[in-house]
Each structure stands twice: as C-alpha cells, then as structure tokens.
Amino acid sequence: MTRNESSKKTNLFIILGSIFLTNAILAEIIGVKIFSAERTFGFEPVNWKFFGEYILDFNLTAGAVIWPIVFVTTDIINEYFGKKGVRKISFLTAGLIAYVFVVISVVTILIPADFWLEVNAQTPSGNSFDISYAFNTIFRQGLGIIIGSLTAFLLGQLVDVFVFQKLRAVTGSKMIWLRATGSTLVSQFFDSFVVLGIAFYIFGNWELSQVIAVGIINYVYKFSVAILLTPLLYLGHGLIDRYLGKDLAEKMMKEASSDRTFL
C-alpha cells in the first residue's frame, strides 16, 4: 500500500469514527427525553393495548432519533475495515460513554453558586425555577440505565458485525442493502430489548410484559428507519469509493470480508 493510499485509509477511518462517536455519545446524553412521535407530526396517540394492560403509543427516547445513524456508520465501517475496525471503534466508544457518565456524575454533586441559582430563579413567564434540580435531573442517569445502555450497545455492535459478515459471505460485493439492513434489523432487536430489560426489569420495577411492550415500539421504529436510511448507505458507499479509488476500495473490502469470526 502506497503512502497516499495509507493516508486515505487513515483519514476515512477518522471521519467515520468521528461520526460514529459523536452520534453514539450524543444519543446517550439526549436519550433522557421521551417524546411523542404522533403528536410531533400532528397526530393523536394510537393508544394500542398490549397484553390487555399496557397502553402503547409511539413514545421514544430522543436518542432514538439519531441512533440509526450509528448503525449505518457501523455497516460502512464494517464494509471497509471489517470486524477489527468495528470492534476497535465500538470499545473505544463504550469507554468514552462510561467516561461521560462518570464526569456527569461528578459534576452533578458540585455545589451550585448562589448567583447562578438567583439569575435563573424564574422562568420567562415568572414561575419559580430550580436550575440546579433541573440540571441534575436531565443529566444524571441511574446505574441500571448506564449498565443496560452500555451492555446493549456492545452486544448490538457485535451482533451487527457478525450478521453483516455472514450475509456478505453469501452476497459477495453485491446487494449492499441486504447485508446492511439485515444486520441492523437483527442487532437492533437485541439493542431494543436488552437495555430495557437490564435498566427497568433487573434494576427497576417493570414487569416483563411491559419491557416487551415498550421494546416492540422501539424496534418497530428502528426497523422502519433502517429501511428508510438505505439510500444514505449507498450514497456514503459511492462517495467513499470515489475518494479511495476503485482499486483501493476493492482491496479494503476484500480484506474486510476475510475475517468472519464473531469476536
């Protein structure tokens, strides 16, 4: 590999890794907000009943909005850098997410300055407001959510890369949509249920039926978005091939497909 090719390969990994890291960490931070997808688009909640007990609406975490980008980026990294590339960026991201949670935990126990509380003591409408309480409530997450989130993230990534490689062994260099969408759909199934099971069933007080109910809604959303983002995958693939050049792109994809082990 020439120096120019090596530089292009390194630059590509840095760019893809940066997109992956930014969206993964951002999704964890903003994930504390739950929003109504129906009301956001001007519809009334569907109010489906599940197990004859739980009312299901399309209420999702804000992190779910950008989380599919993480899995699309995973597939692109897998395409050109293989299992080793995905594993490297996944464990690095998990470590940085843990670091973010530690820093936030430390920051939330710091005693707020009096003037900061005073200048933010009221909302624009004149109601009293405790900014320190709001800050801590927004940023602080429970141990169960942190453990569940990190476990689901790593498991989802490992499953994604494994299924992707298995599908590529069948499709070869063709049918990018099949291996990308297929691997995302399988990995998102684990991701959707593992985080809820650990955070709210093992560490929380949810019943198993409630975990299943909410997990289904999350998975349906991710399933739909994964399909809708397929054109973005082809766009990214085309831009990368043009940047790398045909010979280097084919060489990297061939090397990436050679390792089909799970870990």
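The values are calculated or read from the model by the stated rules, or taken from the named source; none is laboratory data. Everything quoted here is computed from the prediction, not taken from an experiment. A quick note on method: Cβ atoms are made from the backbone with ideal geometry, for glycine too, and the neighbour counts reach across all protein chains shown. To get the accessible areas, we keep the full protein, side chains included, count just its heavy atoms, and leave off ligands, DNA and RNA. Shrake-Rupley method; radii C 1.70, N 1.55, O 1.52, S 1.80 Å.
A few notes on this one:
- For the pair Ile30 and Ser128, a Förster radius of 22 Å applied to the C-beta separation gives a FRET efficiency near 0.25, rounded to the nearest 0.05.
- Links that overshoot a 23 Å alpha carbon limit, given the list Lys9/Lys88; Lys9/Lys254; Lys83/Lys166; Lys174/Lys246; Lys222/Lys254: Lys222/Lys254
- List Thr73, Thr40, Thr123, ordered by accessible area with a 1.4 Å probe, largest first: Thr40, Thr123, Thr73
- In the full protein context, the chain carries 55 Å² of accessible surface per residue, based on a 1.4 Å probe and ignoring ligands, DNA and RNA.
- Site pair Lys88 and Asp241 shows an inter-label distance of 2.4 nm when each label is modelled 7 Å from Cα along Cα→Cβ.
- The range 83-228: relative contact order as a whole-number percent, Cα under 8 Å and 6+ apart: 23
- Residues Val170, Val163, Val211, sorted by accessible area with the largest first, give Val170, Val163, Val211 [1.4 Å probe; ligands and nucleic acids excluded].
- Taking all protein chains together, Glu28, Glu255 sort by accessible area into Glu255, Glu28, largest first [probe 1.4 Å].
- In this label model, Arg140 and Asn59 are separated by 2.2 nm, measuring between points 7 Å along each Cα→Cβ vector.
- Within the accessible area of the chain (1.4 Å probe), percent carbon and sulfur: 67
- Compared with the direct C-alpha span, the chain from Leu96 to Lys254 gains 53.8 nm at full extension, assuming 0.36 nm per residue.
- Relative contact order, whole percent, for the chain stands at 24, derived from Cα pairs under 8 Å and 6 or more residues apart.
- Label-to-label distance, nm, for residues given as Asn11 and Ala121 (7 Å Cα→Cβ offset): 5.6
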